[in-house]
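One structure below.
The values are calculated or read from the model by the stated rules, or taken from the named source; none is laboratory data. Computed from a prediction, not measured in an experiment: that's the story for all the values here. Cβ placement follows ideal geometry from the backbone for every residue including glycine, while neighbour counts extend to all protein chains displayed.
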Amino acid sequence: MNWYQTVKHLICILCLVLTFFPQMTLADYQPDFREANERISQWVDKGYYEGATFIVMRDGQILHEMNFGNFDRHTNIRIASMTKWLEAATLMTIVDQGLIKLDDPISKYLPQFDSNKSFATIGQCFAHTSGIGSIHGHLPEDQTNSIAHRVNQLAKLSMPDDPGKRFEYNGNAINVAGRIVEIVTGKSWELVFAENIAKPCKMYKTYTGMNWWYVGKRLKDDPFPTSNATDYLHFLEMLNNRGMYRGKRVLSENAIQIMQADHVGTALMEHDFIRRTRNREHTSVYGLGQWRENIDDNNNALRVSSPSYLGSYPWIDLENNIYGVFMGKANEKAMHRDKFSGFYASPILSDIAAKAIHAYDLTGGAYDFSPLHQMIEQWVNTGSLPGANLMIVC
């Protein structure tokens, strides 16, 4: 074959590249999240959510974003237990400042907690192992909307379980730790959150507090914490960056590690979240304000989350270096009708995201050029080209 034929074939290859991949960039190739989109579409079609948004990110960049119904990343909804993660981070800012220690007994700041309650620690309050979660009894509604009143009511009731004995997932003990934060700072819990977490993380539409655990709909003003996907992703970005948010230190790296560590220990664990969502058993299920969904052989967290009981679901996948959030406006009537639990259903989305990103990473985030390779190989085999080396720079 002469030089003219070789040049002609090289020109053909260039034309094929320009024809089929006219504006190639690696950013144009994205992981395949269709399975997650289809799952959410089914939930919306069945009426479980009036609308929703699903966003997956890596290194501050959006890998995937899909909206469903009249809902997007800026839509504010009640976030329920998603606030536990925010509350734990707020607590850790006070630990970072040296104002409290996690192993401080609550009676150091709240002497009204006596008998076995006095030995519960601040850390146990956020790990749901303080025993305060086992307190049951009549707790009158507080129309003053104060954490202090709630805590004083809890102190009057007996506590069946000793601290550290049992994992009890509820908000009673979180109120106690929140009240301690108010005492040592001289500020309301809401103000501490606003100054230490919301402002530095640019969470402009997030309103959180402990009041929702006990006040409810009887107040004129809705006291429930609310947020949107944009704000919550800022928070996740900070956690994923080991406490840094766009050049500003919000939490120490040590605080992040402590939050993700196992805080259940030897406490009896009867909650079935991990078993039902991960189809596996392990007892070190909870850190501070977050579930430890997946762990490695050394008990290090690989995936952490803080889902709401209605299914909105933020997570960080440390193994695959991604984080994301599913948020939806829930229709509780439809959920109850079909016995659908968003709390147990939505964590499947992080599994799907992990599978998609794993497949993406295996390809190196590149296009499939195999048809072009096959065409060139055919030319070489038939003698049209003596040899070839294809390199495409995107």
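Laid out as a table, the results:
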quantity: Any hit, segment 108-119, residues being of a type in the set (Asp, Glu), in the same structural domain as residue 287 (by TED's automatic domain parsing) and within 30 Å of residue 355 (Cβ to Cβ); calculated: no
quantity: Test: residue 65 is among the acidic types (Asp, Glu), outside any loop (DSSP other than H, G, I, E, B) and within 16 Å of residue 325 (Cβ to Cβ); calculated: yes
quantity: Some residue of segment 294-301 being closer than 26 Å to residue 224 by Cα and touching a strand residue (DSSP E or B) at 6+ places or on another chain (Cβ under 6 Å); calculated: no
quantity: Criterion (of a type in the set (A, V, I, L, M, F, W, C) and touching a Leu at 6+ places or on another chain (Cβ under 6 Å)) met by exactly one of 120, 88; calculated: 88
quantity: Any hit, segment 69-89, residues being in the same structural domain as residue 201 (by TED's automatic domain parsing), more than 30 Å from residue 333 (Cβ to Cβ) and modelled with pLDDT of 95 or more; calculated: yes
quantity: Residues being of a type in the set (A, V, I, L, M) and over 13 Å from residue 88 (Cα atoms) - total across segment 153-179; calculated: 4
quantity: Odd one out for residue 231, checked against (1) modelled with pLDDT of 95 or more; (2) more than 17 Å from the chain's Cα centre (by Cα); (3) not in a loop (DSSP other than H, G, I, E, B); calculated: (2)
quantity: Looking only at segment 99-135, and only at residues there that are part of a loop (DSSP other than H, G, I, E, B) and either hydroxyl-bearing (Ser, Thr, Tyr) or more than 30 Å from the chain's Cα centre (by Cα) (or both), the one that is modelled with the lowest pLDDT; calculated: 114
quantity: Qualifying residue in segment 238-251 (condition: over 24 Å from residue 52 (Cβ atoms), touching a strand residue (DSSP E or B) at 6+ places or on another chain (Cβ under 8 Å), loosely packed, with under 15 Cβ neighbours inside 10 Å and of a type in the set (D, E, K, R)); calculated: no
quantity: Condition broken by residue 205, with the remaining ones in (1) surrounded by 18 or more Cβ atoms within 10 Å (Cβ to Cβ); (2) under 25 Å from residue 227 (Cα atoms); (3) charged (D, E, K, R); (4) at pLDDT 90 or above satisfied; calculated: (1)
quantity: Of the criteria (1) buried (at least 22 other Cβ atoms within 10 Å of the Cβ); (2) free of Cβ contacts under 8 Å to residues at least 40 places away in the same chain, which one residue 111 fails; calculated: (1)
quantity: Tally of residues being crowded, with 17+ Cβ neighbours inside 10 Å and either part of a loop (DSSP other than H, G, I, E, B) or of a type in the set (Val, Ile, Thr) (or both) across segment 185-200; calculated: 4
quantity: Residue check for residue 264: under 30 Å from residue 164 (Cα atoms) and touching a residue at least 60 places away in the same chain (Cβ under 8 Å); calculated: yes
quantity: Conditions (1) in a helix (DSSP H, G or I); (2) modelled with pLDDT of 95 or more; number of the one not met by residue 372; calculated: (2)
quantity: Hey, residue 113 among the hydrophobic types (A, V, I, L, M, F, W, C) and farther than 24 Å from residue 288 by Cβ or not; calculated: no
